[in-house]
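Accompanying notes for the structure given below.
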Amino acid sequence: MTAPVPRPEVVEFLTFLAKERNDSPHTVRAYGRDLASFQRFAADYYGGPWSWEQVDRLTLRSFMGDLARRGQARRSIARAVSALRTFFRFLSNRHGVAMNPARGLRLPRGERRLPSVLDKAQVEELFARAERAALEGGFQEIRDLAILEVFYGTGARLAELTALDVGDVDVIAEQVRVRGKGRKERILPLGRVAARALWAYLRERDTLLERGGPRGADQRAVFVGRSGARLSPRGVQLAVRRHLRLFGERTGLKVHSLRHSFATHLLDAGADLRAVQELLGHSSLSTTQVYTHTSVERLKRVYQTAHPRAR
């Protein structure tokens, strides 16, 4: 099915998400798809020309029903409603649209999906292999070890890691500054091991950029490719996946599994939930609480395996 041409307000909104709210490219693309889906639905629903001012709660409920009939998961429907709610708030602020029909609209309860995490033995194995590769390899292997260490050592998001500039890193104080959603800044402790890996990589990076400065080199970016250009989110994903393949394709481990493992292992060790919330940059405590469920599930598995009367 051909996607409708985005209306000017939608294009402006997606630019706002990317440039002003600093949302991840994944979020911007997902919201773009959701709004394109709604435009397609509205054209059929109204049977002719329509405006954003016409859209009411009944329209949105009908849209939710249409998504459900087409087999969309509850999680996807909830995201589409969230996209519309944010979009109408934007229309109100920027274009004077008085009503937000998505306000107060009840979202379908999403299926609870616990994040995939590495256990502590897997973390040790992952870093042992990455450290060995860095000792035996060159620029790429040293950089990839630093990426793994920063991910697991700080719990940063993918978009936050790729956006890091040299001025954001203080290896002496063992901390980094990241810009999260809404361009909110937070300072994250780095840890001695991660700081050492990052320092080793930065020396390699500086050597690369000093060799005549490759065309397209980004002097500010922390993580760069061999060309000197800032490493893209896709480039970071490929680098991390090369190492996660160690545990097999069926484990469900992805780039953000390192962030999930960071949070889970902190909570396993007794860290305060609100402190973990602040480190992760979550605006809502309920978002962080999913990691408490992960910790409980892990404890249950240990109990079932180890306790003589568990079965």
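Ordering Val81, Ala133, Ser62 by Cα displacement along the dipole of the range 51-142 toward the positive end leaves Ser62 in first place; charges were set at the Cβ atoms of Lys, Arg (+1) and Asp, Glu (-1). At q = 0.16 Å⁻¹, work out log10 I(q)/I(0) for the chain with the Debye formula, treating every Cα as an identical point scatterer and leaving solvent out; two decimals please. Relative scattering, expressed as log10 I(q)/I(0), comes to -1.31.
Heavy-atom surface analysis with a 1.4 Å probe gives the chain a carbon and sulfur content of 50 percent of its accessible area.
D by Stokes-Einstein for the range 114-176, Kirkwood Rh over Cα pairs, 4 °C, 1.567 mPa s: 99 µm²/s. In the calculated pair-distance distribution of the range 76-201, the portion above 23 angstrom amounts to 53 percent of the Cα-Cα pairs. Among Ala156, Ala275, Ala121, the largest mean-square fluctuation in a Gaussian network model of the chain (Cα springs under 10 Å) belongs to Ala121.
Across the range 164-209, C-alpha contacts under 8 Å between residues 6 or more apart give a mean separation that, scaled by the residue count, equals a relative contact order of 29 percent.
Against the main long axis of the alpha-carbon atoms of the chain, helix 57-69 sits at an angle near 60°.
Close amide-amide hydrogen proximity is noted between Leu231 and Phe223, Val224, Gly225, each under 5 Å apart and 5 or more residues distant or on a separate chain (H modeled in the peptide plane; Pro and chain starts excluded). Taking the chain as the region of interest, the number of lysine pairs whose Cα atoms are within less than 19 Å, with members eight or more places apart or on different chains, is 4. Ligands, DNA and RNA excluded, the heavy atoms of His95 present near 90 Å² of accessible surface to a 1.4 Å solvent probe. Model label points for Arg192 and Arg220, set 7 angstrom from Cα along the Cα-to-Cβ axis, are 3.4 nm apart. Geometric descriptor of the range 25-77, per residue, is 87 Å³ (volume of the convex hull of the Cα atoms). Against the chain, whose longest principal axis comes from its Cα atoms, helix 74-95 is set at around 70 degrees.
In degrees, nearest 10, range 0 to 90: what is the angle between the Cα axis of helix 233-244 and the longest Cα principal axis of the chain? For helix 233-244, the angle is close to 50 degrees. Comparing Val123, Thr264, Gln39 along the charge dipole axis of the chain, the residue lying farthest to the positive side is Gln39, per the Cβ-charge model. Under 5 Å from the amide H of Gln175 lie the amide H atoms of Asp170, Leu190, each residue being 5 or more positions distant or on a separate chain, with H modelled from the backbone and absent for Pro and chain starts.
The values are calculated or read from the model by the stated rules, or taken from the named source; none is laboratory data. These figures come from a predicted structure and were not determined experimentally. As a convention, Cβ positions derive from the backbone with ideal geometry for all residues, glycine included, and neighbour counts pool all protein chains shown. Just so you know, the surface numbers come from the protein's heavy atoms only, side chains and all, with ligands and any DNA or RNA stripped out. Shrake-Rupley method; radii C 1.70, N 1.55, O 1.52, S 1.80 Å.
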